[in-house]
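Report on the following structure.
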Amino acid sequence: MPKTSSRTAAAVLPLINRELSLQAFNRRVLEMAEDPDVPLLERLRYLCILGSNLDEFFELRLVWLKDMVRQKTPPPGTTLSQLRQQLYEISVTTHALVDDQYKALNQSILPALAEEGIRVLFRAELSAREKAWASDYFEREVRPLLSPIGLDPSHPFPQVENKSLHFIVELSGKNAFGKETSIAIIKAPRVLPRVIPLPPEVCGAERHFLLLSSIIHIHFASLFPGREILAYSQFRVTRDADLAVDEEEVKNLRQALKGELPQRAFGVPQRLEVVNTCPDHLARLLLSQFDLSEDDLYRCDGPVNIARFQWLIDQIDVDRLKFLPFTPSRPPELLEPSTFFDALRHKDVLLHHPYQSFDPVIEFVQRAAHDPDVIAIRQTVYRTGAVSELMETLIEAASRGKEVTVVVELMARFDEAANISWAERLERAGAQVIYGVFGLKTHAKMALLIRRERDNKGQPVLRYYTHLGTGNYHPRTARLYSDFGLLTANQDIGRDVNEVFMHVSSLSPPAPMRRLLLAPFTMSRRILAMIRREERNARVGKPARIIAKMNALLEERIIQALYRASQAGVEIDLIVRGACALQPGIPGVSERIRVRSILGRFLEHHRVWYFENDGRPDVWLSSADWMGRNLFRRIEIAFPVLDPEIRQRVLDEGLLGYLRDNRNAWTLQADGRYEKVRPDHAPAFAMQLELLRRWCGGVS
C-alpha cells in the first residue's frame, strides 16, 4: 500500500476549511428540503432550519475571520491574501446557497403547498374582500404600533436590532414642514406574528395566510399621505451576537452577563438582506449605513426571514404532510417505578433518545427530591429551556433541605438569559449555584445522587447513582436530537463524577480519574493515545479499527493522528454530522478513512467512539466533539461503556447501523464535496427509521 512518512504527513496536513464545511452541511439541509420523499411541511421546516443555521453562521462563525482581515492578523500558517481568498470563497458559496434556498421555496415548496390548499397570498393575489380584511387588520393591530421615521438631521437613522424586520421607503416631494426628506424607515413590530391566517369566511378556504410584510407594504401610502412611494424594500441586518467578557475585569459573571445581554442586539453588522427587487441606490445606502460591502449584501426572492414560516408549520395539522408521530418506549428495567434504585444497582440502563423516553431522567431527579435517603443532588445545566420540569424539581429538592449543587453554564450561547433566571431561582431556594470555571464552558452532562444506604453487613454507606449523557437536560430537544444517556450505580464512575464537581467548585486540580476522561486535562491525550495504539497494532498485523461519531471534527492533532493511523493500515470510519476538516481518500495520507454525514428526521447529536484494541474493544460516550474548543476550552467528560450487553447496543445503534444507512447518508469526497448515498441495488435502509421500528413499534 502507498506509504507516507509521519514527517511528511505532519508537514502536509490537508484540511478542509471549517466555514466551507459548515456551508456544505447547510447544503445537505437544503437537499432535505428538496427531497420529494420528505413530507411537505417537513421540507418547509428544513428550509426554516437552514434559515436559522445561516443566521447563526453570520452571528457567530464569520465574525472572527472578518476581524482578522480587518486587523490584518491572519492565523498562524495563513497569509492575509489566503484569508481574503477564504472569505471570498465563503461569500460565493453562501450567496449560491441562499439563491437556491429561495428557488426551493418559490419553485417547489410553495406551489406544492398550494396544491394542498395551503397558500401564502401575496399582494397581487388578494381579492377585494381580502384586501378589505387586510386593511381592517392593519388599522386595528398594526398601525398603532408603527413609528415611521423620516430621516433628517433631527431624525437620524434609527437603531436596527439584530435580525429585526425593517422597511426602507423612498418618497417624493416634501414633508409636512416643507423639508426634503426622501427616505423613511419603518420597523415591523416584533410582538406581531409574521404569518397571519386569513379567516375562512373572508378567503373561502381553511388554510390561507398573509405575511405581515405584505400587509405593511399594502398600506405604505396611508403612512405617508400626500407623498408618492417611489421605491421600497424589506431589509434585515444580522449582527455579531457573541458575548465577550473580560476575565481580568469581571468580578461577578452573572451581573456582567446581565449587563451584556441587552447589547447583543446591536453588535457589529455582518450581513444585510434585502428583497431582490430592492433598487441599487437603496441597497448602497443601507450598506453604507451599516459599513458593509457588496459581498455582505444578500438579495432574497421572498421574505427576508424564511425561518418565520415555522409558525405556519405549527398551525397546520395535516398528518400526511408531517412526519408521523411516535411514542418513545420506556426501558423494561424501569417499568416498575418502585424498584428504580434497585434496578440500577443490579444493572446499568442505557437510554437512546428520542426513541426511548426522557422521562426516566426526570424521574431520576424527582425520586431523589422525595427520597429521604438521598442526601445530595449535583447536576450540570447547559441548556434546559425557559420551562423545565427538571429545574423545578431541583428547586423543590433544595426547598426540602437536600444538599443541591448545580453548575449552571451562564455562557451557553443564546440560553444565557434563561440560565441566569434559573440560577437566581435556585439560589433563592437554597441551592448552591456554581458558574463553572471562568473561560471554560461547562459542557459536560452529569447528574449525581448521593444516597445513604446499608451494605450487606447492615453498615451505613453512601452510594452514588449517576446519569451521564451526550445531550442536554432539555425534554424538548430529547424528542428532536439523537443522544445516549447512561443511568448507572457504578461506584467508580460516581466517585469520578463527584470529583469533577469538586474540581469545578473548588478550582483545585482534579483528582486522578478512575473511569472518566476529563477535558481540558486528560481527554485529548487519551484520544490520541488510543488512536496511536490502533496504529501500533496495525503495524504488527493485529486487528485495528476506529469508528467514531460526532457533530464536528476539526482538531488538527487528532486529524494528523488519524492520517498516520490510516497510513499504518487502520480502517477508520467517521460519522460526522456537520463540519469536518479531515480530507478522506487522499492516496498515501487518508485512503483508509471514510467520512459520512447522516441527516434525517432527528438531529444526530451523540458522540460515540469505538477502538478495536486488538479484540478487546473500547467504547466511549461523550459530551465532546473532536474540536479544539471542546478538548481545551471546555469542561467535558467521556465515559466508558462497561456492560458488554450495553456496549454491543451502543455499537449497533450508535455506529454500525449508521454505516449501513443508504437513505439519509452523504459521503465526503477528497475534494470536500459530499455525495448522497444511493440504495442502487441494495434495499433502502435508514437507521433512524430502524430505531423507530425497534424501540417505538414504528410510527403511528
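The values are calculated or read from the model by the stated rules, or taken from the named source; none is laboratory data. Being a predicted model, the structure only gives us computed values, none of them experimental. In this analysis, Cβ positions are derived from the backbone assuming ideal geometry, glycine residues included, and neighbour counts consider all displayed protein chains. Only protein heavy atoms, including side chains, enter the accessible area calculation; ligands, DNA and RNA are left aside. Shrake-Rupley method; radii C 1.70, N 1.55, O 1.52, S 1.80 Å.
Tell me the per residue accessible area of the chain using a 1.4 Å probe; a whole number in Å² is fine.
42
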Q: Could you check how much of the accessible area of the range 56-116 is carbon and sulfur, as a whole percent, using a 1.4 Å probe?
A: 51
Q) Cα centroid distance between the range 602-625 and the range 300-345, in Å? A) 25
Q) Assuming R0 = 22 Å, what is the FRET efficiency of SER172 and ASP295, from their Cβ-Cβ distance, to the nearest 0.05? A) 0.10
Q) LEU462 to GLU141: FRET efficiency via 1/(1 + (r/R0)^6), r the Cβ-Cβ distance, R0 60 Å, to the nearest 0.05? A) 0.50
Q. Any idea what the dipole of the chain comes to, in debye rounded to 20, about its Cα centre with Lys/Arg Cβ at +1 and Asp/Glu Cβ at -1?
A. 1460
Q | aspartates and glutamates with Cα under 12 Å of LYS676, excluding same-chain neighbours fewer than 8 positions away | A | GLU31, ASP35, ASP661
Q) Using θ = phi - 60° and the Karplus form 6.51 cos²θ - 1.76 cosθ + 1.60, what ³J(HN,Hα) does each residue of the range 157-168 get, whole Hz, x for Gly and Pro? A) 4, x, 5, 10, 6, 4, 6, 8, 7, 10, 10, 10
Q. Of GLN310, GLY628, GLY485, whose Cα points farthest to the positive end of the dipole of the chain (charges on the beta-carbon: +1 Lys, Arg; -1 Asp, Glu; origin at the Cα centre)?
A. GLY628
Q. What residues qualify as long-range amide H neighbours of LEU171, i.e. H under 5 Å apart, gap of 5 or more or another chain, H built at 1.01 Å from N?
A. ILE183, ALA184, LEU230
Q | Heavy-atom SASA rank of LYS322, LYS72 (probe 1.4 Å, accessible area, largest first) | A | LYS72, LYS322
Q: Within the range 606-681, report the trypsin sites (Lys or Arg not before Pro) that DSSP leaves as loop and that have at most 14 other Cβ atoms within 10 Å.
A: ARG673
(Q) Using alpha carbons only, how many angstrom separate the centre of the range 629-674 from the centre of the range 390-468? (A) 28
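So what is the relative contact order of the range 427-518, in percent, for Cα pairs below 8 Å that sit 6 or more residues apart? Write out the running numbers ahead of the final one.
Values: 109 pairs, mean separation 20.9, N = 92.
The value is 23 percent.
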Q | Point-to-point label distance, GLU228-GLU396, nm (Cα→Cβ direction, 7 Å offset) | A | 6.8
(Q) Could you compute how much accessible surface SER293 exposes when probed at 1.4 Å, giving the result in Å² to the nearest 10? (A) 60
(Q) For a quick check: with amide H placed at 1.01 Å from N, whose amide H comes under 5 Å from GLU591's, ignoring anything fewer than 5 positions away on the same chain? (A) GLY585, ILE586
**Q.** Computed over the range 522-596: relative contact order in percent, which uses C-alpha pairs under 8 Å that are six or more apart
**A.** 31
Q: Work from the charge dipole of the range 78-180 (Cβ charges, +1 for Lys and Arg, -1 for Asp and Glu, about the Cα centre) and give the residue of VAL92, GLY173, ALA104 farthest towards its positive end.
A: GLY173
(Q) Please list, in order along the range 450-457, the HN-Hα scalar couplings obtained from phi with the Karplus expression 6.51 cos²θ - 1.76 cosθ + 1.60 (θ = phi - 60°), rounded to whole Hz, x for Gly and Pro. (A) 10, 10, 7, 9, 10, 7, 5, 9
(Q) If DNA, RNA and ligands are ignored and the probe is 1.4 Å, what is the ranking of PHE220, PHE685 by accessible area, most exposed first? (A) PHE685, PHE220
Q) Say the dipole of the range 13-66 comes from +1 at the beta carbon of Lys and Arg and -1 at that of Asp and Glu; which of ASN53, ALA33, LEU20 then lies farthest toward its positive end? A) LEU20
Q.
Rg over Rh of the range 1-151, using C-alpha atoms and the Kirkwood radius, what does it come to?
A. 1.16
(Q) Of all beta bridges DSSP finds with both residues in the chain, what is the antiparallel percent, to the nearest 5? (A) 70
Q. Which ³J(HN,Hα) values in Hz, rounded to whole numbers, follow from the phi angles of the range 73-79 under the Karplus curve 6.51 cos²θ - 1.76 cosθ + 1.60, where θ = phi - 60° and Gly and Pro get x?
A. 10, x, x, x, x, 10, 7
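Calculate for the chain the 222 nm mean residue ellipticity that helices alone would give, adding -39,500 (n - 2.57) per DSSP H run of length 4 or more and normalising by residue count, nearest 500 deg cm²/dmol.
Computed mean residue ellipticity for the chain: -10500 deg cm²/dmol.
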Q) Between ARG633 and GLU89, what length in nm is gained on full extension when 0.36 nm per residue of separation is reduced by their alpha carbon distance? A) 193.0 nm
Q) Taking R0 as 22 Å, what's the FRET efficiency between GLU424 and ASP67 from their Cβ-Cβ distance, rounded to 0.05? A) 0.10
Q. Using a probe of 1.4 angstrom, how much of the accessible area of the range 546-590 is carbon and sulfur, in percent?
A. 45
Q.
Keeping all protein chains in the complex and leaving out DNA, RNA and ligands, what accessible area do you get for ASP415 with a 1.4 Å probe, in Å² to the nearest 10?
A. 30
Q | Cα-projected label distance for ARG514 with LYS676, points at 7 Å along beta-carbon direction, nm | A | 5.1
Q: Report ASP99's accessible area, 1.4 Å probe, all protein chains in place, as a number in Å² to the nearest 10.
A: 90
Q. Between the range 518-572 and the range 83-119, what's the alpha-carbon centroid distance in Å?
A. 38
Q) What is the chain's relative contact order, in percent, from Cα pairs under 8 angstrom and six or more apart in sequence? A) 12
Q: Could you order LEU145, LEU13 so the one with the most accessible surface comes first? Probe is 1.4 Å.
A: LEU145, LEU13
Q: Match the structure shown to one of the listed values (i) 30.7, 99; (ii) 26.2, 78; (iii) 27.6, 96 of Rg and Dmax of the Cα atoms in Å, computed from it, and give that label.
A: (iii)
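State the extension gain, in nm to one decimal, for the chain segment bounded by GLU56 and ALA529, taking 0.36 nm per residue of separation less the distance between their alpha-carbons.
Working it through step by step, the gained length comes to 166.8 nm.
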Q: Enter the per residue convex hull volume of the range 412-523, computed from alpha-carbon coordinates, in Å³ rounded to the nearest integer.
A: 152
(Q) Over the Cα atoms of the range 123-238, each weighted equally, I'd like the Debye log10 I(q)/I(0) at q = 0.10, 0.16, 0.21 Å⁻¹, rounded to two decimals. (A) -0.33, -0.80, -1.21
Q.
Check which residues have an amide H placed less than 5 Å from ILE434's amide H, if you skip close sequence neighbours.
A. VAL406, VAL407, VAL408
